[in-house]
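The values are calculated or read from the model by the stated rules, or taken from the named source; none is laboratory data. Fair warning: this is a prediction, and the values are worked out from it, not measured in the lab. Cβ placement follows ideal geometry from the backbone for every residue including glycine, while neighbour counts extend to all protein chains displayed. Areas reflect the complete protein model, heavy atoms only, side chains present, ligands, DNA and RNA absent. Shrake-Rupley method; radii C 1.70, N 1.55, O 1.52, S 1.80 Å.
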Amino acid sequence: MLLFSLLTTALGAGEAFAVTNLVTNPGFEQVDANGFPVCWEKAGWGNGTVAIGAVPGAHSGSKAMQVQVTGVTTGDDKVMMLENATCAPAVTAGHQYNLALWYKSTTPNAVLTTFRHDTVKGWQYWTDLETLPVASAYTRTSVLTPAVPPNTDQITWGVSVYGTGSVTTDDYTMDDATAPSGGGSCTAGAACTKGSWQVLPFLNPVRSMHAIVLNNGKVLLMAGSGNDPMAFAAGTFSSAVYDPAAGTFAQIPTPSDMFCSGHVQLADGRVLIMSGTKAYPAADGSHGYEGLTSSYVFDPATNTYSRTNDLNDGHWYPSATEMGNGDVMSFGGLRADSTGSVTQDRYSAAANAWMPMNQVKQTWSYFGLYPSMVLMQDGRLFYTGSHVFGNGTSGTGASIYDTVANTITDVPGLQSKDTRDQSMSVMLPPAQDQRVMTMGGGNVNTNVDAGRQTDLIDLKAASPSYTPGPLLPQGTVTGGATETGSQGKMYVSAVLLPNGQVFETGGGLHNRADPVFEASMFDPVSNTFTPGMATDPIPRTYHSASVLLPDGRVLSVGDNPGNGSFDLHLSVYTPPYLYQGTRPQITSVASSMWSYGSSQKITVSAPIVRAELIRPAAVTHSSDPNQRFVDLPLTVNTDGSVTLHVTSNPNIAPPGYYMLFAVNANGVPSVAQWVHVM
């Protein structure tokens, strides 16, 4: 693919122009002794024929920049702002910037691309912002960047061309769109900064070990036998669909023991459920838990399960990760004979079936129980080191699996790999940044105190490596004593919020015991926790789950102490942003069917500064490797509508249904609208 980039800077439509334009030589009028625009340079490689240079026929002034591409098969050629302190615009971490330019184009293969300067790692690709439609006459485009990542002091950006045709650009502008913070008007007391919890006045009708947000805003709560050997022996399997808007439950006939199964939303909105419990441990010790080979799909439209073909192996506690083409990969867990499964199973989206063994690549590697396998932007899978039951896997405890080359590469840096049992890993907002955080954990075999450690990794790096993150804040344990020293928690829940932060809640100090009452907010921009968020009054340890609801609140369910009991209370957390004034509303969405690389128009009730897609949760045992927040760079149109620009990479946003949130300058989100990305 030939990639040509004009990398510079600009201002969003609908914004005032009486601001500082951060672009140097934005109209290409200043040229050097060779006639090439000052502060710009040529770069690239490949076998295409490329003509690059200043041309007449400008939008204003006497010069524009044109790139003419023919015969492209491989490589890239680009004109970019010189990557130095004079030419590349300076930026502030955490701020957003309006970018705009005028362009003409004969190719549909053009995208607005950004690069950033990391003060530690140097210049690197940042993210694509929007795909530019063909335009025969000069057309203005504008877009708002995501929040600038930490350690970034300069950016460059422009139009990348990756197909035959020409693009002519002129009159770039860029300004800081982040408004100064003003005084708050919240009158809700402590809730203004800590949020608040409500324990709902009714009980969960099932012992839900699994919580899955459906594309209609309801929540599938699966129990199966619910970790109850008597229910298993009686063949009593249960699940229910909870409607948060109505406060009602619909109990669902459940055909098998889906306790400790894996699950993930498919591209069509149904839920794929794999394996479950074939047997509980024998009293004589002749076998342990055994995994089923059966698999089902749940249809939210009918609230029914239907059976698929079987997996090639049993997978009690399996991973479940959707790939960029809609297929699902599953690893790990226990086989039907209680041994660890080394079989990789793959569900074909095209065939709606598990693929035969001879069609699935195998490394015969054991990734443990509920191994957290996160899809990377290049289609590889990152095993984060989060798992359950005992020690981590061999080697460094984390690795990258190349699904094409069928190779596994150890990833260094994970701290205390053998005490990350029941830790939780999340891809931090936005998914385009490719940063993953792993939080907490313990060890159910040694029953040591759970730890406070977190680890961060940049999967865009040439050789990704974990680095230590900030310590988890500490809370109180049984009897009100405050944690000390290195005490942290396992059974952690981490929820991506529409304001771009991560809500961390729940957990316990030991295996199925000693709940920790603590909650915090993690800010991916500053890499810091804000401690002291309101805490759930209900203990949430083993078999608990927390999920983001479409209204921007967080639902928490479950707790299964060592005595075998199960807390059936449901709690709902209202984050501080819902106390910060009137919520914007998404008043219309031009289309709910979104294609990759497209631009989508919405209308809103009040100005917004960001929009994003958040994948609905499917969580169990502190595991949801598919959870992600996808930034939607936006353009404010002259008629007040907003155009959102969808990533062209399905590995960034795997196909399926997403919650679309619009967020104002105070961080207050709208209620989500559902859109289908395919």
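Quick notes on this structure:
- Restricting region 329-365 to residues that are open to solvent by 10 Å² or more (accessible area, probe 1.4 Å) and among the charged types (D, E, K, R), the residue that is nearest to residue 271 (Cα to Cα): 346
- Enumeration of residues in region 309-328 that are of a type in the set (S, T, N, Q) and crowded, with 17+ Cβ neighbours inside 10 Å: 312, 319, 321
- Every pair of residues 6+ apart whose Cβ atoms lie under 8 Å, when the first sits in region 314-330 and is at positive phi while the second is outside any loop (DSSP other than H, G, I, E, B): 317/262; 317/291; 317/334; 317/369; 317/388; 326/656
- Residue check, residue 469 open to solvent by less than 30 Å² (accessible area, probe 1.4 Å) and more than 18 Å from the chain's Cα centre (by Cα): yes
- Which listed residue, of 282, 177, 246, is within 30 Å of residue 155 (Cβ to Cβ), aliphatic (A, V, I, L, M) and surrounded by fewer than 23 Cβ atoms within 10 Å (Cβ to Cβ): 177
- Residue match in region 593-602 (condition: of a type in the set (S, T, N, Q) and over 25 Å from residue 109 (Cβ atoms)): no
- Among the criteria (1) under 25 Å from residue 154 (Cα atoms); (2) among the hydroxyl-bearing types (Ser, Thr, Tyr); (3) open to solvent by 10 Å² or more (accessible area, probe 1.4 Å), the one residue 74 does not fulfil is (1).
- Wholly enclosed strands (runs of 3 or more DSSP E) of region 55-166 bearing at least 3 residues out of contact with any Lys or Arg (no Cβ under 6 Å at 6 or more places or on another chain) and over 30 Å from residue 612 (Cβ atoms): 64-70
- Residue satisfying all of: in region 123-134; of a type outside the set (A, V, I, L, M) and under 25 Å from the mean Cα position of the chain (by Cα); most open to solvent (accessible area, probe 1.4 Å) among these: 125
- Restricting 137, 147, 85 to residues that are at pLDDT 95 or above and open to solvent by 10 Å² or more (accessible area, probe 1.4 Å) narrows the list to 137.
- Test: residue in region 432-444 that is basic (Lys, Arg), in contact with a Gly (Cβ under 6 Å, 6 or more places away or on another chain), open to solvent by less than 50 Å² (accessible area, probe 1.4 Å) and closer than 24 Å to residue 621 by Cα: no
- Selected residue (criterion: modelled with the lowest pLDDT) from residues of region 1-48 that are more than 19 Å from residue 116 (Cα to Cα) and aromatic (Phe, Trp, Tyr): 17
- Among the residues of region 397-413, those that are touching a Leu at 6+ places or on another chain (Cβ under 6 Å) and in a loop (DSSP other than H, G, I, E, B) comprise 397, 398.
- Pairs, first in contact (Cβ under 8 Å) with a residue 60 or more places away in the chain and outside any strand (DSSP E or B) in region 167-178, second hydrophobic (A, V, I, L, M, F, W, C) and crowded, with 24+ Cβ neighbours inside 10 Å, C-beta under 8 Å, six or more apart: 177/144
- Every test in (1) in a strand (DSSP E or B); (2) modelled with pLDDT under 95 is passed by residue 521 save one, and that test is (2).
- The residue that is surrounded by the most Cβ atoms within 10 Å (Cβ to Cβ), among those in region 26-54 that are among the β-branched types (Val, Ile, Thr) and closer than 16 Å to residue 80 by Cα, is 50.
- With respect to being among the hydroxyl-bearing types (Ser, Thr, Tyr), over 31 Å from the mean Cα position of the chain (by Cα) and surrounded by 23 or more Cβ atoms within 10 Å (Cβ to Cβ), residue 169 fits the description.
- Out of 502, 554, 477, one residue alone is open to solvent by less than 10 Å² (accessible area, probe 1.4 Å) and within 27 Å of residue 202 (Cα to Cα). It is 554.
- Residue check for residue 558: over 22 Å from residue 133 (Cα atoms), touching an Asp or Glu at 6+ places or on another chain (Cβ under 8 Å) and not acidic (Asp, Glu): yes
- Hits in region 272-321 - residues which are within 19 Å of residue 237 (Cβ to Cβ) and among the small types (Gly, Ala, Ser): 275, 276, 279, 291, 294, 295, 306, 314
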